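Only one structure is covered here, and it is reproduced in the block below.
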Amino acid sequence: MGSEPRVLMVASEGMPFVKTGGLADVVGALPKALAALGVDVRVMLPKHQQVKEQYQDVLDTVATATVHLGWREKYLGVQRLSHEGVEYYFIDNEDYFSGPVYRGGDLENEQYLFFCKAVCEALSHIDFAPDVLHLNDWHTGMIPMLLKTQYQSEAARTLFTIHNIQFQGKMGFPVMRDMLSIPDYYYTPEYVEADGCANMMKAALVFCDKISTVSPNYAHEIMNAYFGLGMEGILSARAHDVVGILNGIDMDEFDPAFEKGLAAQFSECDLRGKQSCKRALRAQFSLGGSPHAPIIAMVSRLTRQKGFDLVRYAMEELLTTADVRFVLLGSGDKEYEDFFNYIAGKYPGRAGTYIGYDEGLAHQIYAGADFFLMPSQFEPCGLAQMIAQRYGTLPIVRETGGLVDTVAPYNRFTGEGTGFGFATFNAHDMMAAVRLALAVYQDKATMRKLRRNAMGLDNSFEKSAEQYRALFRSMV
Ligand code: ADP
Ligand code: GLC
């Protein structure tokens, strides 16, 4: 094999600059792991106003240009920053990136239609000629089509990674046509049309060279309609181009043995510090009763995907029939925010709620809890359960998507496992798994073993980065 492929990873968010969910974790961790393998990988992101000030101040402007979007002429700034051995490019335009990361509705569609066009333009302004463009989620979906149909460019191959097929970038065709000058004849089911809308993810799946998703199990699931949400046809037709590569986590960012923000440090070999973290968590959420009562935690976007309908159904039964404490950190749909505020008000000392987004608190919860509840309806990969395992906090998951690939449910016959699982999306089945976890909690030796199993897992990006590298190599 000759030299390593040059890869430009493109996404809407990425750590440590801006994060709303797991996509940012992956865009933060994967390039570092690829760079460690010798891959020349760079990253291109929108310069959201949320990019932390410490980075905004040290950006170098590489180029300024104009992007034509139909009749509009829009400013494009390309800025650059080197961080922990990886080069980052930022697409600067305040009209589109001075508000929320995701504006919702057609404003959001316009944000990312612009982003796709701006990335294509920026390619001729940077001193880096990628062999592969690694595109992530629908926000980058028009790039393969633009390159092939408007830039006549086959110079770079395209890998499109699906992080969540629920979000597809759907809009009326006139919006897409007016912004990107897409001719009417592409508005058919063979190209960008799906279910009566223009669809950016569909365009990506049609025009990209290879498709990946973030766990092997989800790669199978999305071939059928329940999970594929309208994309199962094109995915099945291109099944030989589809691969599932499991996400990892940044093992340095999440490391209970070294983190200064925790009440105490702990490791697989010495779990004593975890007790101090639990005490701190109990104080933080004013939890009462026995200090030994198990704590079940959730850290999540508050959205239907994450199984909150089951949690809502079973929460009061759980709090009134078991000696357990419950802690939630999250933000999102108002109906769930209201519910968890109500629960915290009704059961003070037993349940604690923090509505918001707080990375430091998230680490403290992962470290201080005993169990991490994640009863997802669907889950492309899921990072939170892997993060929980890293802190010896046993995940209780619905066996779907990447949760199947990352959690070995406790088996009462062998006494082994790295968490707990249930198969059917049903509150009673979830409660059975929770009760099993609470029963095992009483058995200190088994609990210690399961915690160690979980903490001993290699959830790093190393193995997956090798799979990405092999895929990139096969594409050039
Ligand atoms: P998704 O990307 O679908 O939201 P993942 O499990 O892949 O789910 O990733 C979620 C990431 O976002 C994890 O790093 C988790 O800790 C973090 N996270 C979610 N909600 C919050 C919050 N309210 N505060 C801090 N971190 C959060
Ligand atoms: C999406 C998915 C989540 C996955 C993350 C990173 O947000 O919902 O399951 O872990 O992307 O790939």
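The values are calculated or read from the model by the stated rules, or taken from the named source; none is laboratory data. What you see is a predicted model, and the numbers here were worked out from it, not measured in a lab. All Cβ positions, even for glycine, are placed from backbone atoms using ideal geometry, and neighbour counts span all protein chains on display.
Yes or no: ASP338 at pLDDT 95 or above, away from ligand 2 (no atom under 14 Å from the Cβ) and either acidic (Asp, Glu) or within 23 Å of ARG452 (Cα to Cα) (or both)? So ASP338 fits the description; yes. Taken over the stretch 24-50, residues that are among the aliphatic types (A, V, I, L, M), under 12 Å from ASN247 (Cα atoms) and buried (at least 24 other Cβ atoms within 10 Å of the Cβ) amount to 4. Residues that are away from ligand 1 (no atom under 16 Å from the Cβ) and either closer than 16 Å to CYS277 by Cα or at pLDDT below 95 (or both) within the stretch 297-322 comprise THR321, ALA322, listed in sequence order. Does PRO216 satisfy the criteria of being surrounded by fewer than 20 Cβ atoms within 10 Å (Cβ to Cβ) and within 22 Å of LEU457 (Cβ to Cβ)? It is true that PRO216 is surrounded by fewer than 20 Cβ atoms within 10 Å (Cβ to Cβ) and within 22 Å of LEU457 (Cβ to Cβ).
For the stretch 182-209, a residue qualifies if it is in contact with a strand residue (DSSP E or B) (Cβ under 9 Å, 6 or more places away or on another chain), of a type in the set (Val, Ile, Thr) and surrounded by fewer than 24 Cβ atoms within 10 Å (Cβ to Cβ), and exactly one does: ILE182.
Each row is one residue, and each column tells you yes or no for (1) within 12 Å of ligand 1 (Cβ to nearest atom); (2) on the phi > 0 side of the Ramachandran plot.
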{"position": "GLY332", "(1), (2)": "yes, yes"}
{"position": "ALA344", "(1), (2)": "no, no"}
{"position": "PRO348", "(1), (2)": "no, no"}
{"position": "GLY352", "(1), (2)": "no, no"}
{"position": "ALA384", "(1), (2)": "yes, no"}
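Is there a residue being closer than 29 Å to VAL39 by Cα and either away from ligand 2 (no atom under 16 Å from the Cβ) or not assigned by TED's automatic domain parsing to the domain that holds PRO380 (or both) anywhere in the stretch 184-201? Scanning the stretch 184-201 turns up at least one residue that is closer than 29 Å to VAL39 by Cα and either away from ligand 2 (no atom under 16 Å from the Cβ) or not assigned by TED's automatic domain parsing to the domain that holds PRO380 (or both). Those helices (runs of 4 or more DSSP H) of the stretch 1-108 in which at least 1 residues are within 16 Å of ligand 1 (Cβ to nearest atom) and either under 18 Å from THR140 (Cβ atoms) or not assigned by TED's automatic domain parsing to the domain that holds VAL214 (or both), considering only elements entirely within it, cover 22-36. Screening GLY360 against (1) in contact with a helix residue (DSSP H, G or I) (Cβ under 9 Å, 6 or more places away or on another chain); (2) away from ligand 2 (no atom under 15 Å from the Cβ) leaves a single unmet condition, (1). Taking the criterion of being over 18 Å from ALA65 (Cα atoms), among the acidic types (Asp, Glu), surrounded by 15 or more Cβ atoms within 10 Å (Cβ to Cβ) and more than 21 Å from the chain's Cα centre (by Cα), the residues of the stretch 79-132 that qualify are GLU87, GLU110, ASP131. Across the stretch 382-427, the qualifying residues are those that are more than 25 Å from GLY368 (Cβ to Cβ) and touching a residue at least 40 places away in the same chain (Cβ under 8 Å), and the one among them that is surrounded by the most Cβ atoms within 10 Å (Cβ to Cβ) is GLY401.
All conditions but one from (1) over 16 Å from SER286 (Cα atoms); (2) near ligand 1 (Cβ under 9 Å from one of its atoms) apply to GLN377; the one that does not is (2).
Yes or no, residue by residue, for (1) surrounded by 17 or more Cβ atoms within 10 Å (Cβ to Cβ); (2) of a type in the set (A, V, I, L, M, F, W, C); (3) in a helix (DSSP H, G or I):
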| site | (1), (2), (3) |
| --- | --- |
| CYS269 | no, yes, no |
| SER276 | no, no, yes |
| GLY289 | no, no, no |
| MET298 | yes, yes, no |
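Checking each residue in the stretch 343-357 for being touching a strand residue (DSSP E or B) at 6+ places or on another chain (Cβ under 9 Å) and either away from ligand 2 (no atom under 16 Å from the Cβ) or in a helix (DSSP H, G or I) (or both) picks out ILE343, ALA344, GLY345, TYR347, GLY349, ARG350, ALA351, GLY352, THR353, TYR354, ILE355, GLY356. Can you pull out every residue in the stretch 363-385 that is outside any helix (DSSP H, G or I), within 15 Å of ligand 2 (Cβ to nearest atom) and of a type in the set (Gly, Ala, Ser)? Passing the criteria: SER376, GLY382.
For the stretch 134-145, the condition holds for no residue, the condition being that it is in a strand (DSSP E or B), crowded, with 17+ Cβ neighbours inside 10 Å, within 16 Å of ligand 2 (Cβ to nearest atom) and among the hydroxyl-bearing types (Ser, Thr, Tyr).
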